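Read the structure below first, then the notes.
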Amino acid sequence: MSQEQNMDFITLWDTVAFDGKESFTLSEDGKLVLNAGKDGKERLIAEFSAENSTSLVDELREKYTQLEAKVAEAAAEWDASEDKLKMADKVHTLKQQLNNAAALGNLDALLAKVAVWEQSITAIHDEHYAVKLKLAEQAEGLAESTDWKETANVLKEIAEQWKQSGHTDKYRSDKLWSRIEAARKNFNDRKQKHFEEQEKDLLGNLDLKLDLVEQAESLVNSVEWKKTSETFHRLTNEWKTIGHTLSKKNEELWQRFIASKAAFFDRKREHSERIAVEQEQSFIAKSALAEKAEALKDSTEWNKTAQAFAALMEEWKKTGRVGGERGDELWARFIGAQDVFYTNKHAHTENIRAMHEENYTLKMEILRRAERIKNSSSWGDATVEMNELLDKWKTIGPVAREHATKIWEDFLAARKHFFARKDENRDLRKQQFEGMKETRKVQAKEMVAKLLTDIQEEEDKIIDFKAALENITPGKKAAELRKHLEQLLQECEKQIKRLKEKYAAVQDEFGKQAEEAAKAIKAAAIAAPEVKAEETTIAEPATEAVVETVAAEVVAGEAIAEPVNEAVATEAEPATATEVVAEVTPVVAESAMPESNEIVAGTTTPADAATDVTEEGKEA
């Protein structure tokens, strides 16, 4: 092969890309080798030549695709298989195909999947081997036993258990079975030798037949009819396989055996006849129960009908069995009617529960609102809202029994708390009002007195300014000073006018407030809201005492009028209009009181004017 051809192969190989390429090597002479794996050996996959260089890679890739499909098929079969050991041969074959395959692809990945299956199969084989090993050891432990009958039975059981113990690899299985066979042979040889020494055949058969007779006699009174019938057939077949025994005992044992068998089957026949009669009676009784159940299936008397169905079920259980298709049909009718009723009952219960939950949600909203406003000091608004909440409460239906009492008591507690606070506040306001009344009277008098004092001060200023005008010293600024004093006089006169107007306005406002106060006294004296009659019969799961308590709270809460002039209702007739105004609307009185800065705003005090005159005189 020329060097040029070698370069073509290598160039072609460099253009090929596939998963697992790193596991392959192409030599310069065209040999494609699978690199050494865990076994440490390389494997020749193919040789490139001038004839196959263009198609060999595709062929090898196609072979890998086929192998990949086989592995996928095996994987699906593995997942679907319940007995993984049935896959053992297929897994082994697939592993050999992969190890010998001339293909390009990720063979290691496929082998890894197969290896997982092999490990699972090996694990199952090991489990089965452990069971078989215990059986072999058990058999070997019995090889020297002298309890012939019991040991023979145990060895038979070991053989049966061996059949049920599952497969393992043939080499280990054959080796363990050889140990069991050797133990059984050793025991049987010893047993045979023992019976040979003691007329083994006759006595052995005697023991076997005596065992069969004893088994038969123990089954005479059995009520497991099917199982015991099969047992008698098996015992009969075993009897036929046992050879002769001592002649004087053989017939005696046979008569005992067939007598036991006949006694059992006579009882079985009588039982079947009696069962037939009883089942006919049970059929009539259960037909009546099914009809009763069907008559009740659409009932809406839920508790009563549920009790009736429970009683019917108890009666059904006490009634004898009805076999065959007739019994199945009766049961289907009976249980079908019961299912219809309980399905309807469940739907009804769910509707009631949903209604209770909705009502509970609405009442909890009312309760939470009552809890929020129970500490409110907006007495009028809160009183109205508390009573509206109670009215709304009465329009809502019942709630679940476990919530009814508590939520109602919590709502009453919130109302009681609010009205108790309201009563305390009313008394406190009365006390505070009494204490503030005299203070307000004094403030009103001081306000009027101050207005009069301010007017007098302005008039005094006018006198001072006029005196200053008369005493002006002639000079350069005499005319300017005169003009300034005249302006001050005008401002004082304006201020006096304003103060007198304010005084007149205050007096007029006091008069109006006195009239309004008189009207408020009359309104407060007759203001007493009625207590609704229905509030004394609140529809809620509570005792009569609780209802009376609620009614008393409603009366106590609504008997207190909420107008602003609440305190006026406690007075007789005020002595003067000024006192009435002070008691009813102290804010108005205070707003009418001018500040000292307001009185002298834009004016000059007599002291300031005197200072100006002195300065002017110095300049002159």
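Computed quantities for the displayed model
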{"read-out": "Matching entry among 406, 394, 345, 363 (being open to solvent by 60 Å² or more (accessible area, probe 1.4 Å), assigned to a helix (DSSP H, G or I) and at negative phi)", "value": "406"}
{"read-out": "Residues within the stretch 375-426 that are closer than 18 Å to residue 363 by Cα and of a type in the set (Ser, Thr, Tyr), tallied", "value": "2"}
{"read-out": "Residue count, the stretch 132-145 (criterion: in a helix (DSSP H, G or I) and open to solvent by less than 70 Å² (accessible area, probe 1.4 Å))", "value": "7"}
{"read-out": "Those strands (runs of 3 or more DSSP E) lying entirely in the stretch 1-112 with at least 1 residues of a type in the set (A, V, I, L, M), modelled with pLDDT of 75 or more and closer than 30 Å to residue 169 by Cβ", "value": "31-34"}
{"read-out": "Condition met for residue 476 (open to solvent by 20 Å² or more (accessible area, probe 1.4 Å), in contact (Cβ under 8 Å) with a residue 12 or more places away in the chain and not β-branched (Val, Ile, Thr))", "value": "yes"}
{"read-out": "Count of the stretch 317-327 residues which are within 16 Å of residue 276 (Cα to Cα) and not in a loop (DSSP other than H, G, I, E, B)", "value": "4"}
{"read-out": "Residue 351 vs. criteria assigned to a helix (DSSP H, G or I) and either at pLDDT 90 or above or touching a strand residue (DSSP E or B) at 6+ places or on another chain (Cβ under 8 Å) (or both)", "value": "no"}
{"read-out": "All positions within the stretch 366-383 that are over 16 Å from residue 397 (Cα atoms) and in a helix (DSSP H, G or I)", "value": "368, 369, 370, 371, 372, 373, 379, 380, 381, 382, 383"}
{"read-out": "Extreme residue, modelled with the lowest pLDDT, among residues of the stretch 422-433 that are open to solvent by less than 50 Å² (accessible area, probe 1.4 Å) and farther than 28 Å from residue 507 by Cβ", "value": "425"}
{"read-out": "Qualifying residues in the stretch 159-199 (those that are among the acidic types (Asp, Glu) and part of a helix (DSSP H, G or I)) - the one surrounded by the fewest Cβ atoms within 10 Å (Cβ to Cβ)", "value": "197"}
{"read-out": "Residue identified as closer than 26 Å to residue 504 by Cβ and among the aliphatic types (A, V, I, L, M) among 436, 447", "value": "447"}
{"read-out": "Among (1) in a helix (DSSP H, G or I); (2) loosely packed, with under 14 Cβ neighbours inside 10 Å, the one test that residue 300 misses", "value": "(1)"}
{"read-out": "Residue that is nearest to residue 178 (Cα to Cα), among those in the stretch 113-155 that are of a type in the set (Lys, Arg) and free of Cβ contacts under 8 Å to residues at least 60 places away in the same chain", "value": "132"}
{"read-out": "Unique match (being open to solvent by 50 Å² or more (accessible area, probe 1.4 Å), within 54 Å of the chain's Cα centre (by Cα) and among the aromatic types (Phe, Trp, Tyr)) among 283, 265", "value": "283"}
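Yes/no per residue for (1) closer than 21 Å to residue 145 by Cα; (2) aliphatic (A, V, I, L, M):
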position: 187; (1), (2): yes, no
position: 193; (1), (2): yes, no
position: 196; (1), (2): yes, no
position: 231; (1), (2): no, no
position: 235; (1), (2): no, yes
position: 239; (1), (2): no, no
position: 250; (1), (2): no, no
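So that you can scan it fast, the table gives a plain yes or no per residue for (1) closer than 30 Å to residue 417 by Cβ; (2) open to solvent by 90 Å² or more (accessible area, probe 1.4 Å):
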position	(1), (2)
306	no, no
358	yes, yes
369	yes, no
373	yes, no
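The values are calculated or read from the model by the stated rules, or taken from the named source; none is laboratory data. Because the structure is predicted, anything quoted here is derived from the model rather than measured. Reconstructed Cβ throughout: ideal geometry from the backbone, glycine too, with neighbour counts over all protein chains shown. For accessibility, only protein heavy atoms count, side chains too; no ligands or nucleic acids. Shrake-Rupley method; radii C 1.70, N 1.55, O 1.52, S 1.80 Å.
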